[in-house]
Amino acid sequence: MGGDGIASFLDGIESQDADYSYIPSLSDELVLLILARLPPSLHQTLRLINKHYHALSRSRELYNIRQEVGIREPSVFMLVSGEPCWWALDPLLGSHRNLPELPSDHCFASGDKESLCTGTQLLVSGKEIEGLVIWRYELAANRWFRGPSMIKPRCLFASANCGAVACIAGGIVIGQNVEVLDSAEKYDPARRMWEPLPTMNRRRKLCSGCYMDNKFYVIGGVDESNRDLTCGEFYDAERDVWILIPDMMNGAPCSTSRSPPLVAVANNELYSLDATSNQLKVYLKGRNSWRELGNVPVKADHSRGWGVAFKSLGDELLLIGLAKDPSVGHGMMICTCWHDTQTNALHWRKLGSNGNHMSPFVFNCSVMAARS
């Protein structure tokens, strides 16, 4: 039975308190091995079989097994305009589910937020009435938890999932005066702790982050004098220093009315989406320059780059936004792209569209590799 068949069958089960005699008795070890090989989007439904399966599907051991056997099906977490809850998209099955309601105050719910994934946690940063906070969604528990707070809480920062940790850098602190930061931190999901990183070469806000060549890159942004930054820099963990890359954005304007640079990494190559021309570009590392690859099927220029999700999805790029296709109307387009570096051809795969039934404006989007 395929993934869709399992989901359809289990959707009809109403109570996790029921025990069904036709389910054969399996050892916990074997059940965990089976669950580990199923997409995370099915785990929520499998918990309805009985209480014991529910406990096993929430165990830390399940995600340890997924890591050991190298299973990394990603999950995409999104918050879309007009929707009260976050939802998780399974790119393999093309299905999505709502996350539990985030138990924040009304200030956090209605304000700007930033998100990143690391391990099996989704971190959402925003402002509550009492100040900046982080809410943490844990996949195994299917619950939201408060904290932990950054060492220096901030907004408009760069972030990236960097293997076993997540890194953030730059941004602003709002007090009596707005301070543009050059500080950086890393988050260890196993210990649920933030640790400081060395100071960057430049203060920057509205910047973007990515993970390439096993290094955390921070690109573009605006400095403390509101001047556009075309440089980038990366953190060299072995030397514990930041290395500056002059003119990494090649003089491309990135004024404060536009979104931070839309960048993503696939197959260890860096890509950018130009929010003025809808052009996809690839970074030529040896030349410190960019090559145009072609147009994308969404209107990234509709709101000057805001409301568009452009993310790393393993060997592919994930793109979500207002569809160019007239048949979709004014709805959302969800697609992936694989770049053949030998021929420079772009191979697009449409995952779905929501017609006019859902706003195409994406407030937040983050990808979880579903490994511990």
Along Cα→Cβ, 7 Å out, is where each label goes; now give me the distance between the ones at Thr276 and Glu292 in nm to one decimal. 1.2 nm
How charged is the neighbourhood of Met333? Take every other residue with its Cβ under 12 Å from the Cβ of Met333, and add Lys/Arg as +1 and Asp/Glu as -1. +3
Difference of contour (0.36 nm per residue) and Cα-Cα distance, Leu284 to Asn344: 20.3 nm
Order the peptides 124-136, 300-312, 338-350 from the highest to the lowest mean number of other Cβ atoms within 10 Å of their residues. 300-312, 124-136, 338-350
Evaluate the distance, in nm, between pseudo-label points positioned 7 Å from the Cα of Asn214 and of Asn142 along their respective Cα→Cβ axes. 3.8 nm
For Leu102, the residues 5 or more places away or on another chain with a placed amide H closer than 5 Å to its own amide H are Trp86
Restraint check, Lys127/Lys299; Lys127/Lys186; Lys215/Lys285; Lys281/Lys324, Cα-Cα greater than 25 Å: Lys127/Lys299
Label-to-label distance, nm, for residues given as Asp188 and Glu238 (7 Å Cα→Cβ offset): 2.3 nm
Which aspartates and glutamates, if any, have their Cα less than 15 Å from the Cα of Lys350, not counting same-chain residues under 8 positions apart? Asp90, Glu316, Asp325
Local electrostatic count, Phe363, Cβ distance below 11 Å [Lys/Arg +1, Asp/Glu -1]: -2
Counting other Cβ atoms within 10 Å, keep those with at most 13, restrict to DSSP loop, and tell me which trypsin sites (Lys or Arg not before Pro) in segment 201-296 are left. Arg227, Arg239, Lys285, Arg287
Taking every other residue with Cβ under 14 Å from the Cβ of Leu156 and scoring Lys and Arg +1, Asp and Glu -1, one gets +2
Can you list the GluC sites (Glu not before Pro) in segment 133-240 that are in a DSSP coil and have 10 or fewer other beta carbons within 10 angstrom? Glu238
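Rule-based calculations on the coordinates, nothing more; no lab input. None of the values given here were measured: they were computed from a predicted structure. For neighbour counting, all protein chains shown are included, and Cβ atoms are generated from backbone atoms with ideal geometry for every residue, glycine included.
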